Amino acid sequence: MEPSASADTGFLRQLVFGLSQNLLDPSRDYLFESRLNGLLRDHGMTCLNELVECLKRGRNPALEHAIAEAMTINETSFFRDGRPFDVLRDELLPRLIEARRRTRRLRFWSAACSTGQEAYSLAILLRESFPALTGWEICIEGTDISAEVVERAQKGVYHRLEMDRGLPARMVARYFEPVGEDWVVRPEIRSMCHFRQANLCAVAPPFKSADERFDLIFLRNVMLYFSQETRKALLAGMHRLLPRDGILFLGSTEQPADPSLWIPVLTGGTCYYRPR
């Protein structure tokens, strides 16, 4: 790589880290070309050097955030890695429902929700397996740093290829409506889910008060490119948002940065965490 190109990607790596705490390895610098190509075109630019020079001339918060969003990984699918959902259905949700029988209220958070499949999978699981929850207050919050994927999650419209990843045919017929070549989440499932743009690592996190606590948090495959310090701060915030019987799911290869805060529970071929 030419020295000037290396300096440009180094500048962009620092910008992305400052906004999202996404720690990009220099070996992945080639991703800047592919992921920022559309952004360059939209701003009448032809190369990364033009983009960097524009940013150096003066602050452009909208452009900076667009770059950070473009470099975010948004891999997801319905019922991704099905084991956590199996454990929820067979073990964890029955216990939570019994424990919340008096308040008749359950709150869930899909952190880094991407295009919404994780949140909608949870809503479908609740509707499919726990009909007794009819009349309960069920809230599934989905947040993501990318405004583009949040907009897609809010619309609940998915292509056939996305539907084929993780959804059995009976669920497609029961919980989605065909619109042209796409499928739209039915209103009774969409009404359970609320999506908004939020940065998990911002100074003011999306949820922080005691009355915003959650019974379950999905934070799966989010921290792979975070520094140890960022992971520790993020998980400390999650700890404050869970009651003693709350549940945290991380990605299959992820572990808490501060094990003293969490009790790991191995079951059903997966692992979840309880706050100490």
| remark: For strands (runs of 3 or more DSSP E) lying entirely in the range 192-276, having 3 or more residues that are more than 15 Å from the chain's Cα centre (by Cα) and surrounded by fewer than 21 Cβ atoms within 10 Å (Cβ to Cβ) picks out 262-267, 270-275
| query | Is it true that some residue in the range 119-140 is more than 16 Å from Gly82 (Cβ to Cβ), without any contact (Cβ under 8 Å) to a residue 60 or more places away in the chain and in contact with a His (Cβ under 8 Å, 6 or more places away or on another chain)? | reply | yes
| query | If Arg102 satisfies every condition in (1) without any contact (Cβ under 8 Å) to a residue 40 or more places away in the chain; (2) closer than 14 Å to Arg196 by Cα; (3) exposed (fewer than 14 other Cβ atoms within 10 Å of the Cβ) but one, which is the exception? | reply | (2)
| task | Output the residue which, of all residues in the range 138-182 that are among the basic types (Lys, Arg) and in a helix (DSSP H, G or I), is modelled with the lowest pLDDT. | result | Arg160
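Of all residues in the range 1-16 being hydrophobic (A, V, I, L, M, F, W, C) and surrounded by fewer than 19 Cβ atoms within 10 Å (Cβ to Cβ), which is farthest from the chain's Cα centre (by Cα)?
The initial filter retains those residues of the range 1-16 that are hydrophobic (A, V, I, L, M, F, W, C), namely 1, 5, 7, 11-12, 15-16.
From the residues that got through so far, the ones that are surrounded by fewer than 19 Cβ atoms within 10 Å (Cβ to Cβ) too are 1, 5, 7, 11, 15.
Details: Met1: 33, Ala5: 31, Ala7: 31, Phe11: 26, Leu15: 21 Å.
Per the criteria, the residue is Met1.
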| query | Given the residues Thr46, Thr72, which is the only one that is at negative phi, among the β-branched types (Val, Ile, Thr) and surrounded by fewer than 14 Cβ atoms within 10 Å (Cβ to Cβ)? | reply | Thr46
| note | Flagged pairs (Cβ under 8 angstrom, 6 or more apart or on separate chains; first in the range 218-235, outside the structural domain of Leu23 (by TED's automatic domain parsing); second in a loop (DSSP other than H, G, I, E, B) and basic (Lys, Arg)) are Arg220/Arg80
| task | Sort through Phe78, Phe85 and tell me the only one that's aromatic (Phe, Trp, Tyr) and touching a Lys or Arg at 6+ places or on another chain (Cβ under 9 Å). | result | Phe78
| Given (1) at pLDDT below 90; (2) surrounded by 14 or more Cβ atoms within 10 Å (Cβ to Cβ), index of the condition Arg41 fails | (2)
| message | With the requirement that a residue be over 22 Å from the mean Cα position of the chain (by Cα) and either of a type in the set (A, V, I, L, M) or farther than 18 Å from Arg80 by Cα (or both), what does the range 152-187 give you? | response | Ala169, Met171, Val172, Ala173, Arg174, Glu177, Pro178, Val179, Gly180, Glu181, Asp182
| task | Among the residues of the range 244-260, count how many are modelled with pLDDT of 95 or more and within 22 Å of Ala112 (Cβ to Cβ). | result | 5
| said: Residue pairs, Cβ under 6 Å, 6 or more apart or interchain, first in the range 164-189 and within 13 Å of Gln117 (Cα to Cα), second surrounded by fewer than 15 Cβ atoms within 10 Å (Cβ to Cβ). List them. | reply: Val184/Glu177
| query | If you check every pair at least six apart or on different chains, which have Cβ atoms under 9 Å apart with a residue in the range 59-81 that is basic (Lys, Arg) first and a residue that is in a helix (DSSP H, G or I) and modelled with pLDDT of 85 or more second? | reply | Arg80/Gln117; Arg80/Glu118; Arg80/Ser121
| remark: The residue that is nearest to Arg186 (Cα to Cα), considering only those in the range 162-176 that are charged (D, E, K, R) and surrounded by fewer than 17 Cβ atoms within 10 Å (Cβ to Cβ), is Arg174
| task | Just give me the residues in the range 107-121 being surrounded by 21 or more Cβ atoms within 10 Å (Cβ to Cβ) and of a type outside the set (S, T, N, Q), in sequence order. | result | Phe108, Trp109, Ala111, Ala112, Cys113, Gly116, Glu118, Ala119, Tyr120
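The values are calculated or read from the model by the stated rules, or taken from the named source; none is laboratory data. Bear in mind that the values here come from a model prediction, so they are computed numbers and not experimental data. Please note: Cβ atoms are built from the backbone with ideal geometry, for glycine as well, and neighbour counts cover all protein chains shown.
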